[in-house]
Amino acid sequence: MARTYSNMLALGTKAPHFSLPDTISGKEMSLSTLKGEKGTVIMFICNHCPYVIHINEGLVKIAHDYPQKSISFIAISSNDVENYPEDSPELMKKIALELPYPFPYLYDETQKVAKLYEAACTPDIYLFDADLRLIYRGQLDDSRPQNGIPVTAMDLRYALDCLLENKPNHCPQKPSMGCNIKWKGA
C-alpha cells in the first residue's frame with residue numbers, strides 16, 4: 001500500500017462522460033442517467049484499501065442524507081483485478097450488498113475513467129454541480145485509519161451544503177489520501 005494524495009483536478013472542470021457496468025445490478029450505467037438534478041458525487045474507491053474501509057460507513061451515511069435533496073452518489077473502482085483480485089467485480093458486488101451501498105458501484109476495467117478524472121488514490125472524491133462542473137474535490141474529512149478522529153464527512157458535507165444553499169465554499173479543499181490506484185502494468 002503506497003500512501004498517495006489526490007491530484008486535485010481543476011475546479012470548474014466538466015465531468016468526463018462515462019458508461020460502466022454496475023456490479024450490483026449487472027446493468028451498464030452512464031453519468032448522464034446517474035447524475036443528480038442539483039449535484040453529483042463521484043467517488044473512486046475499492047474493496048481492500050484500509051482508507052476506504054475506514055470511511056465506508058461514513059460514505060453510506062452521507063449518501064443516505066442527500067438523495068432527497070437531488071444529489072446522486074456514484075462509486076467507481078478502477079483497480080487492476082488481475083494483480084488485486086480482492087477488487088474483482090464479484091467481490092465489489094459482495095461488499096456493496098453487505099454494507100449496503102445506496103449507490104451504484106461501477107467497474108472501470110480499462111481504467112480509462114480514472115485517467116479522465118485524474119484519480120490517483122482510493123478514496124478520491126469529486127462533487128459536480130447541476131451542470132457537471134467540478135466544485136469540490138478532495139477528502140471526505142480529516143479522519144484516517146488509526147488517527148483517532150471520527151468519520152464525520154465534514155468536508156464533503158460542507159461542500160454539499162454550500163451547493164444546495166447556493167453559496168461559495170470558502171473552506172480550503174484538502175487532498176484526499178489513501179492507497180494508490182492499482183494501475184495495470186505498473
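Where a number appears in this text, it was derived from the coordinates with a stated rule and is not lab data. Remember, predicted model here, so these are calculated numbers, not experimental data. Positions of Cβ are generated from backbone atoms using ideal geometry, with glycine treated the same way; all protein chains shown enter the neighbour counts.
Residues in segment 106-113: is at least one under 19 Å from P16 (Cβ atoms), hydrophobic (A, V, I, L, M, F, W, C), surrounded by 22 or more Cβ atoms within 10 Å (Cβ to Cβ) and touching a residue at least 12 places away in the same chain (Cβ under 8 Å)? Show your work before the answer.
Initial filter on segment 106-113 (under 19 Å from P16 (Cβ atoms)): 106-113.
Narrowing further to those that are hydrophobic (A, V, I, L, M, F, W, C): 106, 113.
Adding the requirement that they be surrounded by 22 or more Cβ atoms within 10 Å (Cβ to Cβ) leaves 106, 113.
Add one more test, that the residue is touching a residue at least 12 places away in the same chain (Cβ under 8 Å), and what stays is 106, 113.
There is at least one residue in segment 106-113 that is under 19 Å from P16 (Cβ atoms), hydrophobic (A, V, I, L, M, F, W, C), surrounded by 22 or more Cβ atoms within 10 Å (Cβ to Cβ) and touching a residue at least 12 places away in the same chain (Cβ under 8 Å).
In segment 24-41, the condition of being in contact with a helix residue (DSSP H, G or I) (Cβ under 7 Å, 6 or more places away or on another chain), within 21 Å of T122 (Cα to Cα) and free of Cβ contacts under 8 Å to residues at least 24 places away in the same chain is met by no residue. Of all residues in segment 115-159, those that are touching a Phe, Trp or Tyr at 6+ places or on another chain (Cβ under 6 Å) and hydrophobic (A, V, I, L, M, F, W, C) total 4. Among the residues of segment 144-186, which ones are without any contact (Cβ under 8 Å) to a residue 60 or more places away in the chain, among the charged types (D, E, K, R) and within 14 Å of V52 (Cα to Cα)? If the condition is that a residue be without any contact (Cβ under 8 Å) to a residue 60 or more places away in the chain, among the charged types (D, E, K, R) and within 14 Å of V52 (Cα to Cα), then no residue fits.
Here is a check on your reading of the model: is M92 in a strand (DSSP E or B), in contact with a Ser or Thr (Cβ under 9 Å, 6 or more places away or on another chain) and in contact (Cβ under 8 Å) with a residue 60 or more places away in the chain? Judged against the criteria, M92 is not a match. Mind counting the residues in segment 152-186 that are in contact with a helix residue (DSSP H, G or I) (Cβ under 9 Å, 6 or more places away or on another chain), within 13 Å of I125 (Cβ to Cβ) and in a loop (DSSP other than H, G, I, E, B)? The total comes to 4. Entry remark, segment 123-134: residues being of a type outside the set (K, R), under 14 Å from N169 (Cβ atoms) and surrounded by fewer than 22 Cβ atoms within 10 Å (Cβ to Cβ) number 2 in total.
Only a single item in (1) surrounded by fewer than 16 Cβ atoms within 10 Å (Cβ to Cβ); (2) in contact with a helix residue (DSSP H, G or I) (Cβ under 9 Å, 6 or more places away or on another chain); (3) under 30 Å from I149 (Cα atoms) is not met by P50, and it is number (2).
Kindly evaluate A75 against the criterion of being among the small types (G, A, S), touching a residue at least 40 places away in the same chain (Cβ under 8 Å) and under 29 Å from N147 (Cβ atoms). Let's see the steps before the verdict.
Working: among the small types (G, A, S): yes; touching a residue at least 40 places away in the same chain (Cβ under 8 Å): no; under 29 Å from N147 (Cβ atoms): yes.
So A75 does not fit the description; no.
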